[in-house]
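The block underneath contains the structure these notes are about, expressed in structure tokens.
Just so it is clear, none of the values below were taken in a lab; they were calculated from the coordinates. Computed from a predicted structure; not experimentally measured. Every residue, glycine as well, gets a Cβ built from its backbone with ideal geometry; the counts of neighbours run over all protein chains shown.
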Amino acid sequence: MTVWPAIWLTVKLAFVTTAILLAVSLPLAWWLTTTKSRLRPVIETITTLPLVLPPTVLGFYLLILLSPTAPLGGLWFRITGDTLTFSFTGLVIASLVYSLPFAVQPLQTAFAAVPRGALDAARTLGATPRDAFVTVSLPLARRGFLTAAVLTFAHTVGEFGVVLMVGGNIPGRTRVISIEIFTAVETLDYATAHVLSLGLLAFSFCVLMLVYVFNRRGSVRVA
């Protein structure tokens, strides 16, 4: 069984998802940290929901939303001639939704840890809110940015239920590593399943170790 197409597709999906989510989550996390809006609990609940919602439930509703008979899926089909379901683009959308809290929460925590005194000092020196965000908040929150990037990438690599519901199991198109493992087990190809599973296990261990070591060094440096 050739597993390289699944590996390449998984890495590509993880990179695209991480890049988009970091761009989206950065302003969202800052808004959640600084706003006093009554909508904040609602937005926080929505961004956290994928952590507790079963992947099959989330995948089912995404499948309905992205289908050609739905407004969004139908509009995409009329523009591109392709469906969002059972496509790489559909996998990206599903991954964006499912991995959203892994990008937002580390950034929100990092922004909340930025000393208010540093922002106040920047403002007294004439910095605009945007300048204070770029020159003070972002550098001080860099650990959260790295944590968000690493966790989002790793979580996307390990997705199964959501991507299976939205993308199915099409070789070279939607079959990622986790689905490749499932397929190998179904066909009793335990050797391939072992190799891929051990690879994901080692990858997950290294990712978590990297996050903990980096955050610990940052804490010691601050102390």
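Contact map, region 179-194: residues that are closer than 17 Å to Gly168 by Cβ paired with residues that are outside any helix (DSSP H, G or I), Cβ distance under 6 Å, separation 6+ or inter-chain. Pairs shown: Ile179/Asn169; Glu180/Val3. Suppose the filter is surrounded by 18 or more Cβ atoms within 10 Å (Cβ to Cβ) and either over 23 Å from Ser67 (Cα atoms) or among the β-branched types (Val, Ile, Thr) (or both); does Thr128 pass it? Considered against the rule, which asks whether it is surrounded by 18 or more Cβ atoms within 10 Å (Cβ to Cβ) and either over 23 Å from Ser67 (Cα atoms) or among the β-branched types (Val, Ile, Thr) (or both), Thr128 comes out as no.
Taking the numbered list (1) over 22 Å from the mean Cα position of the chain (by Cα); (2) surrounded by 13 or more Cβ atoms within 10 Å (Cβ to Cβ) in turn, Leu84 passes all entries but (1). One residue is enough: does region 208-217 have a residue meeting the conditions buried (at least 16 other Cβ atoms within 10 Å of the Cβ), without any contact (Cβ under 8 Å) to a residue 60 or more places away in the chain and either closer than 30 Å to Ser87 by Cβ or among the β-branched types (Val, Ile, Thr) (or both)? No, because not a single residue in region 208-217 is buried (at least 16 other Cβ atoms within 10 Å of the Cβ), without any contact (Cβ under 8 Å) to a residue 60 or more places away in the chain and either closer than 30 Å to Ser87 by Cβ or among the β-branched types (Val, Ile, Thr) (or both).
Among the helices (runs of 4 or more DSSP H) confined to region 86-145, the ones with at least 1 residues that are under 16 Å from Thr18 (Cβ atoms) are located at 88-112. Being in contact with a Leu (Cβ under 7 Å, 6 or more places away or on another chain) and over 22 Å from Ile20 (Cβ atoms) is the requirement here; does Glu180 meet it? Taking the combined requirement at face value, the residue satisfies it. Within region 56-75, residues that are in contact (Cβ under 8 Å) with a residue 24 or more places away in the chain sit with their Cβ atoms under 9 Å from residues that are loosely packed, with under 15 Cβ neighbours inside 10 Å and in a helix (DSSP H, G or I), at 6+ positions apart or across chains, in these pairs: Leu58/Leu49; Leu66/Leu72.
Selection within region 120-156: residues that are among the polar types (S, T, N, Q) and more than 26 Å from the chain's Cα centre (by Cα). The member of this set that is nearest to Val104 (Cα to Cα) is Thr128. Only residues that are in contact with a helix residue (DSSP H, G or I) (Cβ under 6 Å, 6 or more places away or on another chain) and either of a type outside the set (S, T, N, Q) or surrounded by fewer than 17 Cβ atoms within 10 Å (Cβ to Cβ) (or both) were counted in region 131-148, giving 6. Taking into account only those residues within region 172-220 that are aromatic (Phe, Trp, Tyr) and farther than 17 Å from Gly158 by Cα, which is farthest from the chain's Cα centre (by Cα)? Looking at the filtered set, the residue picked out is Tyr190. Does at least one position in region 4-19 carry a residue that is without any contact (Cβ under 8 Å) to a residue 40 or more places away in the chain, among the β-branched types (Val, Ile, Thr) and surrounded by 13 or more Cβ atoms within 10 Å (Cβ to Cβ)? No, because not a single residue in region 4-19 is without any contact (Cβ under 8 Å) to a residue 40 or more places away in the chain, among the β-branched types (Val, Ile, Thr) and surrounded by 13 or more Cβ atoms within 10 Å (Cβ to Cβ). Consider region 72-81 and keep the residues that are part of a helix (DSSP H, G or I) and more than 15 Å from Gly167 (Cβ to Cβ). The one that is nearest to the chain's Cα centre (by Cα) is Leu72. I'm trying to understand the selection: among the residues of region 165-175, which are buried (at least 20 other Cβ atoms within 10 Å of the Cβ) and within 20 Å of Trp4 (Cβ to Cβ)? Correct list: Gly167, Thr174, Arg175.
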